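Single-structure report; data block below.
The values are calculated or read from the model by the stated rules, or taken from the named source; none is laboratory data. Everything numeric in this text was worked out from a predicted model, so none of it was measured. All Cβ positions, glycine included, derive from the backbone under ideal geometry; neighbour counts span all protein chains shown. Just so you know, the surface numbers come from the protein's heavy atoms only, side chains and all, with ligands and any DNA or RNA stripped out. Shrake-Rupley method; radii C 1.70, N 1.55, O 1.52, S 1.80 Å.
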Amino acid sequence: MESEKQLTGTLALAVFTATLSSLQYGYSLGVINAPQKVIEKHYARSLGVWPERAAVLSENSTEQEEFSGAGHPVVVMYWSLSVAIFSIGGMLSSFMVGFVGDMRGRVKGMLMVNVLAVAAGLLMGLCKMWKPHIMVISGRAVMGFYCGLTSGLVPMYIGEIAPKAYRGALGTLHQLAIVTGILISMVLGLDFVLGNDNMWPLLLGLSGAPTVLQSLLLPLCPESPRYLYIIQGKEQEARISLLRLKGAYDPTPDLEEMRREKEEADREPRVSILSLIRSSVYRQQLFVALMMHLSQQLSGVNAIFYYSTSIFAGAGVAQPVYATIGVGVINTVFTMVSVALVDKAGRRTLTLVGLGGMCCCAVAMTVGLKFQDEFSWMSYVSMSAIFLFVSFFEIGPGPIPWFIVAELFSQGPRPAAIALAGCCNWTSNFIIAMTFPYIQKWLGCYVFILFAGLLLGFTVFIYFRVPETKGKSFEEISAIFQKGRKNVAQGPKDAAELQQLKTSTDA
């Protein structure tokens, strides 16, 4: 249908405005890394472990570093907390995505939580006014809490307002905004830009800058028609929202689809996180959703960013930090490729290609690391493998898990499912960040063989268990899993369980 394929200015504005939160998320992920030494020095001064000799050693850079206090156990502890607290905040708030989205709506929900980003930006930007270690850690915790909410609200909103023909491409923009934010933080974090002794508080404080623009634009964005009709029961408001988003067309088919989904939602009441975990009705969808997010975080892509600078240095790159920024550029470019391909090639196909390619690259990287001391050209094998690894990641495994969860579930369990998937993503991210240095020390150059094994397992799982959702309505996707349940003769049991859920909710 031609009207289904229209992309209006209002729809573009709504998607752009929503993804400003994703830009903040990416910026906050990457911004803390570049100025580490500078921040540790200020922590040492604030904590009183800055040696008096450091003040007179400015001419000897090596000795200055030795006496900067950066390696002091207390400084290391506070620095580690500054990095980790962001993920902890996201883990905690991801459980509240459904509550916030349903209580205030998708648009007002995003607007409401923006106060957290402003507060976080001010705490970090003004950290020199008090104790930097306390101010930065507090700001990172609040920003993590904010990002945990928006990493669920943004894909939920975009998935509900996007036309079926463009749902994949528009959903991928969430990941594109994240990697763009990471790239911006890398560039601004360079020593001669903002990653220096004087400007680092501004570098951290800019984490909350996109919030200001987003707060001005959100009131101009239509609320999700699916939320208005299915959750609020406001058919006329949903019709108006559809017309704003899609332009002049006949919204009757879309409203009819929502009516059927509302009837289904009334039969399957709002599903809590606990009941979703316990229920066998949605077990297949939930298992697929969680495995998709695990495949993203346990793929080793974060380890690549951790390891890339040392690999580039070993290959003789004079400024490895610029090569690492090059990895960030590749990250962004291939996310754009995914935007172009996801509604043509399909979610399942791109994910399989991405995971399979990453598996091969992990093996090549292991070979390169193992023999780079014996053969100088092996360093370039490792470098090429890094660039290809990141490229394959952004083609499918990076962007697709964020929006496919909203496609796999109907309106009733969708908020709870997005909350659980988000928590799974944040938790696995935190675990990798905390354990990778120890795994690397244990396995050495063979560390990527571990990830190659995980990638192979995820590839096999997705090949056999994940259906293609390209071009399908929410009803059609739900029917795929219902058919699978009927094939194992669980229909009567599921119906009884739905009725039991209904009774307990009504009570």
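Residue count for the stretch 148-185, restricted to those that are crowded, with 24+ Cβ neighbours inside 10 Å, of a type in the set (A, V, I, L, M, F, W, C) and more than 12 Å from the chain's Cα centre (by Cα): 4. Scanning the stretch 85-140 for residues that are under 14 Å from Gln24 (Cβ atoms) and of a type in the set (Phe, Trp, Tyr) yields one hit, Phe86.
Scan the stretch 229-238 and give yes if some residue there is open to solvent by 20 Å² or more (accessible area, probe 1.4 Å), within 26 Å of Leu111 (Cβ to Cβ) and among the small types (Gly, Ala, Ser), otherwise no. Among the residues of the stretch 229-238, at least one is open to solvent by 20 Å² or more (accessible area, probe 1.4 Å), within 26 Å of Leu111 (Cβ to Cβ) and among the small types (Gly, Ala, Ser), which makes the answer yes.
Criterion first (over 19 Å from Ala265 (Cβ atoms) and in contact (Cβ under 8 Å) with a residue 24 or more places away in the chain) does Ala421 satisfy it?
Answer is yes for this residue.
Can you pull out the residues in the stretch 272-294 that are among the polar types (S, T, N, Q) and in contact with a Gly (Cβ under 9 Å, 6 or more places away or on another chain)? Result: Ser272, Gln284. There is no residue in the stretch 276-284 that is over 28 Å from the mean Cα position of the chain (by Cα) and among the charged types (D, E, K, R). Out of curiosity, is Val271 in a loop (DSSP other than H, G, I, E, B) and under 27 Å from the mean Cα position of the chain (by Cα)? Here the answer is yes, as Val271 does meet what is asked. Filtering the stretch 90-100 to residues that are surrounded by fewer than 24 Cβ atoms within 10 Å (Cβ to Cβ) and more than 19 Å from Ser215 (Cβ to Cβ) leaves Met91, Leu92, Phe95, Met96, Phe99.
Against the condition part of a helix (DSSP H, G or I) and surrounded by 20 or more Cβ atoms within 10 Å (Cβ to Cβ), how does Val212 come out, does it pass?
The answer is no for Val212.
Residue count for the stretch 321-356, restricted to those that are open to solvent by 30 Å² or more (accessible area, probe 1.4 Å) and β-branched (Val, Ile, Thr): 8. For the stretch 215-262, name all the residues that are part of a helix (DSSP H, G or I) and either touching a Gly at 6+ places or on another chain (Cβ under 7 Å) or of a type in the set (Ser, Thr, Tyr) (or both). Correct list: Ser215, Tyr227, Tyr229, Ser241, Thr252. Taking the stretch 413-459 as the range and being open to solvent by 20 Å² or more (accessible area, probe 1.4 Å), among the hydroxyl-bearing types (Ser, Thr, Tyr) and within 17 Å of Ile304 (Cβ to Cβ) as the test, the residues that pass are Thr435, Tyr446. What's the total number of residues in the stretch 71-122 that are farther than 18 Å from Ala416 by Cβ and not β-branched (Val, Ile, Thr)? Of the residues in that region, 24 qualify.
Count of the stretch 101-118 residues, restricted to those that are open to solvent by 40 Å² or more (accessible area, probe 1.4 Å) and either without any contact (Cβ under 8 Å) to a residue 40 or more places away in the chain or of a type outside the set (A, V, I, L, M) (or both), is 6.
Mind checking whether some residue in the stretch 127-147 is of a type in the set (A, V, I, L, M), open to solvent by less than 10 Å² (accessible area, probe 1.4 Å) and closer than 22 Å to Phe86 by Cα? Scanning the stretch 127-147 turns up at least one residue that is of a type in the set (A, V, I, L, M), open to solvent by less than 10 Å² (accessible area, probe 1.4 Å) and closer than 22 Å to Phe86 by Cα.
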